[in-house]
There are 2 protein chains.
Amino acid sequence: MTTQPLRVNSARLNQSLMTLAQLGATAKGGVCRLALTDLDRQARDLVVGWAKAEGCTIRIDQIGNIFMRRAGSDPTRAAVATGSHIDTQPTGGKFDGNYGVLAGIEVIRRLNELNIETVAPIEVCIWTNEEGSRFVPVMMGSGVYAGAFTLDHARAARDRDGISVSAALTAIGYNGATPASVAEGAPRLGAYFEAHIEQGPVLEAAERPLGAVTGALGQRWYDITITGMEAHAGPTPMSLRKDAMQAAAQLVTATRSIALDYQPHGRGTVGSMDVFPNSRNVIPGGVRFTVDFRHADDATLLAMDAALRARAAAVASDFNCNIDIQQVVYFAPTHFDAGLVQSIRDASQALGFEAMDIVSGAGHDAVYAARTCPAAMIFIPCKDGISHNEIEDAREEDLGLGADVLFGAMIARAGAGAS
Amino acid sequence: MTTQPLRVNSARLNQSLMTLAQLGATAKGGVCRLALTDLDRQARDLVVGWAKAEGCTIRIDQIGNIFMRRAGSDPTRAAVATGSHIDTQPTGGKFDGNYGVLAGIEVIRRLNELNIETVAPIEVCIWTNEEGSRFVPVMMGSGVYAGAFTLDHARAARDRDGISVSAALTAIGYNGATPASVAEGAPRLGAYFEAHIEQGPVLEAAERPLGAVTGALGQRWYDITITGMEAHAGPTPMSLRKDAMQAAAQLVTATRSIALDYQPHGRGTVGSMDVFPNSRNVIPGGVRFTVDFRHADDATLLAMDAALRARAAAVASDFNCNIDIQQVVYFAPTHFDAGLVQSIRDASQALGFEAMDIVSGAGHDAVYAARTCPAAMIFIPCKDGISHNEIEDAREEDLGLGADVLFGAMIARAGAGAS
């Protein structure tokens, strides 16, 4: 063993990212490569080709997930895996998802270059349709894998043109034969790491190069409908109004204040609002809006739910309106595997810096994978915290450092010596 | 003189209202009779026919306003006039506007029946396109008459199909020849009364049968644009957000509280809001909304303006957003003629009840007429304060009582004895 830690080739990783980004490249420097389109096929073929060139065996399952395996010395060991997705948003960037897959490819390239044989096999996963832009549900491939919903449900999903996932998989040649869910026999991974851009501003604001992701926030999403009485803005005195907009403003404000009551992990967002009749001189008789609550702790998320409902009852009474609250999404908080998180911290330390503990605010394939095996994530900063946008950007040194840590953590988990 | 006050025939007035309401009647019991359509022509022809049957002379001006005159004994006296409009909203009711015109027709019918000769002539006006549903600006006929905008501007206005006011007037045979504006020679009225449903809930809530309208609220309307930064609802901590929706909620709340600071006449309404990108898990980067401020006092309206701008500056700073405020409409408050208002109170008293002083929250043709001559309005209650709706309703006795008061006030102003 050397005291000098092994590192990947960050220039090569960057080159691969730029090559992949040409498939679906947009004029503004982003990528539009929706799931299971012919562009997705080209991207899958490109990455699978790179993996084959490194001697990997390829397995494709019934939801189109791709598992690219580099054999280990002990074929009885479950794979130490990494990966992410290569579909993008319609106006997506070059790094979201793609980085996690190509960091894995770079790990395999570097293992080959250094002639390292791991004890456990190494696998790189490409999960189908993480973004959910063309087909819902989102995180489809990893969701089927973990049993969040059934294979049949996912394959029956249709895009706006009526094309099913099933038909699209066949059309692009990725309608695989092996079981897609662990419950039906898909191989269980020994560990799953996922490197990803943060998609938020925390690392950048803290001037830290890397985050060891300890878990993902739980989520509760709501549709809220306020019904008042529409009336003329002029002739109706303030005291006789049933103003649905004013009631809504109270709950928008409450959404934020409830999240602020549970810092640092509380998040509260009203992202969408529709007003009826939405005419400037008519007091709104109806307002529909959404609330998105997130927190790392499930009991706290429930307390936020209770606080919202209590506030809504008071507002309904104060403003003479009816308020209906429907919860439409619930994800429990995810706690990543302590051992894997520690291995990310250790690999960072070996490289001479401290990883920052961070919690993912968004869902990722790793959140579903964590239901089936030990999992953890590595975050690297992205410029201004911007993602799902063509101007999404990350620095080559940060991308390289994240892959270095991934490399170190995977080797530590898989067990290795120079062959 | 008799101590028993003269009264109109409320059953006949009601009958005329129901007959007129058949032109454009909707399945839900309302009326759809947009300005300068063939239905409007039929309605104009019907009412003009009724006036001619009572011996009136008819004058039509260049914007299609109709003046139906019953001669007085002194041809040098300016007319004592009343009226309103007979165009409706697309889903309008039977009473808005129509009541004021037909109350005037009933006054003439009753004068004829009682053989009363007034000193000044009596006129009933039908103002063109008060509603503004098909053509803008609203209150078009009275606006041209008072010089609020030019005849050419009004005649050039086009509907969604590209048809101009000018062409529509010709098509329905109401493209009159006489000057439309006082400034260009239209006869100045000696006085203008307008009877109207309140279109608000004040009289009903106070259980008062009639309002003597002392003026109309001034109005300031705004378009407000808040620009923050859109970002993922999950990965973006509360402290690093530039949430345009949260900033907007603060100003929606401020709109109400500023109005409440200036009661009883302050009104503040946010009727319309549009959110960008309006996605439930994206922090809004942009919100556009409207503010409608009204008050009876011009200086107070200006104080409300200043309070809104001060609050916006504080919110912009607190929420790291940019806030742009554009005033898009300003109407000064209208103060109706004290003598005419008193004549409405007196006529009410003669009938054995106290009129309630009230201020109009909305614009009416009388507001423009008041720029050219002494003017005042009579309000009667409408069911639940609802108007601009097919379920708009008013009671026959209230409609009759309003016409009784109009009758008394007009006779007092015009001067009369049994002939």
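The values are calculated or read from the model by the stated rules, or taken from the named source; none is laboratory data. Just so you know, these numbers come straight off a predicted model, no measurement behind them. Positions of Cβ are backbone-derived with ideal geometry, glycine not excepted, and every protein chain shown enters the neighbour counts. Note: areas computed on protein heavy atoms with side chains; ligands, DNA, RNA excluded. Shrake-Rupley method; radii C 1.70, N 1.55, O 1.52, S 1.80 Å.
Considering (1) at the interface with chain A (Cβ under 9 Å from one of its Cβ atoms); (2) surrounded by fewer than 24 Cβ atoms within 10 Å (Cβ to Cβ); (3) closer than 30 Å to B:Asp305 by Cα, say which one B:Tyr262 fails and leave the rest.
Going through (1) at the interface with chain A (Cβ under 9 Å from one of its Cβ atoms); (2) surrounded by fewer than 24 Cβ atoms within 10 Å (Cβ to Cβ); (3) closer than 30 Å to B:Asp305 by Cα one by one, B:Tyr262 breaks only (1).
Okay, residues lined up against (1) touching a Ser or Thr at 6+ places or on another chain (Cβ under 6 Å); (2) under 26 Å from A:Ala233 (Cβ atoms); (3) charged (D, E, K, R):
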residue	(1), (2), (3)
B:Ile105	no, no, no
B:Asn115	yes, no, no
B:Asp152	no, no, yes
B:Glu194	yes, yes, yes
B:Val202	no, yes, no
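Within segment B:146-170, restricting attention to residues that are farther than 19 Å from B:Arg41 by Cα and charged (D, E, K, R), which residue is least open to solvent (accessible area, probe 1.4 Å)?
Top of the filtered list is B:Asp152.
Among the residues in segment A:14-35, are any among the charged types (D, E, K, R) and not in a loop (DSSP other than H, G, I, E, B)?
no
Being in contact with a Ser or Thr (Cβ under 9 Å, 6 or more places away or on another chain), in the same structural domain as B:Tyr368 (by TED's automatic domain parsing) and either touching a residue at least 40 places away in the same chain (Cβ under 8 Å) or farther than 23 Å from B:Ala366 by Cα (or both) narrows it down to one of B:Leu34, B:Leu17, so name that one.
Answer to the check: B:Leu34.
From the list A:Gly143, A:Gly173, A:Gly185, which residue is open to solvent by 20 Å² or more (accessible area, probe 1.4 Å), assigned by TED's automatic domain parsing to the domain that holds A:Leu46 and closer than 17 Å to A:Cys373 by Cα?
A:Gly185
Which of (1) in contact with a helix residue (DSSP H, G or I) (Cβ under 7 Å, 6 or more places away or on another chain); (2) more than 9 Å from chain B (Cβ to nearest Cβ); (3) surrounded by fewer than 24 Cβ atoms within 10 Å (Cβ to Cβ) is the odd one out, the single condition A:Glu207 does not satisfy?
A:Glu207 satisfies every listed condition except (1).
Being surrounded by fewer than 20 Cβ atoms within 10 Å (Cβ to Cβ), farther than 12 Å from A:Ala212 by Cα and over 15 Å from the mean Cα position of the chain (by Cα): is that true of A:Leu351 here?
yes
Condition first: touching an Asp or Glu at 6+ places or on another chain (Cβ under 7 Å) and aromatic (Phe, Trp, Tyr). Can you find one or more residues in segment A:269-278 that meet it?
no
Matching residues to (1) in contact with a strand residue (DSSP E or B) (Cβ under 8 Å, 6 or more places away or on another chain); (2) open to solvent by 20 Å² or more (accessible area, probe 1.4 Å); (3) more than 12 Å from A:Thr82 (Cβ to Cβ):
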site	(1), (2), (3)
A:Ala369	yes, no, no
A:Ala376	yes, no, no
A:Gly385	yes, no, yes
A:Ala394	yes, no, yes
A:Gly400	no, no, yes
A:Phe407	no, no, no
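Looking at segment A:227-244, is at least one residue more than 7 Å from every other protein chain (Cβ to nearest Cβ), under 19 Å from B:Arg267 (Cβ atoms) and part of a helix (DSSP H, G or I)?
Scanning segment A:227-244 turns up at least one residue that is more than 7 Å from every other protein chain (Cβ to nearest Cβ), under 19 Å from B:Arg267 (Cβ atoms) and part of a helix (DSSP H, G or I).
Go through B:Arg220, B:Arg256, B:Arg280 for me and flag whichever is touching a strand residue (DSSP E or B) at 6+ places or on another chain (Cβ under 9 Å) and more than 7 Å from chain A (Cβ to nearest Cβ).
Of B:Arg220, B:Arg256, B:Arg280, the one residue that is touching a strand residue (DSSP E or B) at 6+ places or on another chain (Cβ under 9 Å) and more than 7 Å from chain A (Cβ to nearest Cβ) is B:Arg220.
Just to be sure I understand, how many residues within segment A:374-409 are small (Gly, Ala, Ser) and modelled with pLDDT under 95?
2
Open to solvent by less than 30 Å² (accessible area, probe 1.4 Å) and acidic (Asp, Glu), is that true of A:Asp346?
Criteria not met by A:Asp346.
Out of everything in segment A:10-52 that is in contact with a helix residue (DSSP H, G or I) (Cβ under 9 Å, 6 or more places away or on another chain) and of a type in the set (Ser, Thr, Tyr), what residue ends up being nearest to A:Glu130 (Cα to Cα)?
Across segment A:10-52, the extreme among qualifying residues is A:Thr37.
Kindly indicate which of A:Gly72, A:Gly55, A:Gly64 is surrounded by fewer than 17 Cβ atoms within 10 Å (Cβ to Cβ), part of a loop (DSSP other than H, G, I, E, B), in contact with a helix residue (DSSP H, G or I) (Cβ under 9 Å, 6 or more places away or on another chain) and modelled with pLDDT of 95 or more.
The conditions single out A:Gly55.
Inspect segment B:299-311 for any residue being within 8 Å of chain A (Cβ to nearest Cβ), out of contact with any Pro (no Cβ under 6 Å at 6 or more places or on another chain), crowded, with 18+ Cβ neighbours inside 10 Å and among the hydrophobic types (A, V, I, L, M, F, W, C) and give the result as yes or no.
Looking for residues that are within 8 Å of chain A (Cβ to nearest Cβ), out of contact with any Pro (no Cβ under 6 Å at 6 or more places or on another chain), crowded, with 18+ Cβ neighbours inside 10 Å and among the hydrophobic types (A, V, I, L, M, F, W, C), one finds none in segment B:299-311, hence no.
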